[in-house]
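Report on the following structure.
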Amino acid sequence: MLSDLQELLAIAGNVSLVVTLVFLTYQLFHERKEHRYAVYEKLMSDFTQVSLLLSTEPDLAYAYRSTYKTSKWDNYTEDEKRLFCYFDSLFGLFERVWIALRRGRKGTGANWVHWRNWIKLLATHSVFVDVFEFNKEFYDSNFIHEVQNVVAEAKYCQKPKNVCRIFQETERVYVV
C-alpha cells in the first residue's frame, strides 16, 4: 500500500515538473518574441525620427538623397521632395503597424482596415506611389504585397468609368 502511494506521489511530482517546464518554455519563447519586437520597434522609431528630420530639413534631405534617391527625385519640386520624405517615414510607420497587428499586438488603436484605407487614399498621389516603388526591396515582402494590392485598388478607383469608394470598409465614406 505504501509503495502504491509512493508511486502515485512520484508520478504526480513528475507530471507537475513536466507541466512547469512546458510553461517555463512557453514563457521564455514569448519573452524572447516580445524582446525582438521591442528592439524592432525601437529601431523603426529611430528610423522614423531620422526620416521626419529629412522632411523638415531640406539640406539634410539633399545630402541624403544624393546617393539614395528615386529616379524621379531631380524632377520633383521642393514641396514634392519634402512630401517624398514624409511619405517615406509614413511607409515605415505603416509597416510597423501592419507587423504589430499581424502578430496580434494589442494597443495599436485601430485595426488594419483603417490603416489600409489611409494607404489607399495616399496611393492616389503619384509621390506616394513613387515611395512605394522605391521601397519595395527594403521592407517585409508580405507587407509589400499587401500595399501593392492597395495601390492597385487605388489605381482602379481613379479610372474615369470606375465608381468605387476609397473607404468602403469604414463607417464613413471619405471619397466616392
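The values are calculated or read from the model by the stated rules, or taken from the named source; none is laboratory data. Source: prediction; values computed, not measured. Cβ coordinates were reconstructed from backbone atoms using ideal geometry, including for glycine residues, and neighbour counts include every protein chain displayed.
What the table shows:
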quantity: Pairs with Cβ under 8 Å, 6+ apart, first in region 73-98 and buried (at least 17 other Cβ atoms within 10 Å of the Cβ), second among the charged types (D, E, K, R); calculated: W73/R65; W73/K81; K81/R65; F84/D130; E95/D140; R96/E41; W98/D140; W98/E146
quantity: Qualifying residue in region 84-94 (condition: at pLDDT 85 or above and in contact with a Cys (Cβ under 9 Å, 6 or more places away or on another chain)); calculated: no
quantity: H114 being over 16 Å from Y40 (Cα atoms) and modelled with pLDDT under 85; calculated: yes
quantity: Count - residues of region 70-93 that are aromatic (F, W, Y) and in contact with a Phe, Trp or Tyr (Cβ under 6 Å, 6 or more places away or on another chain); calculated: 1
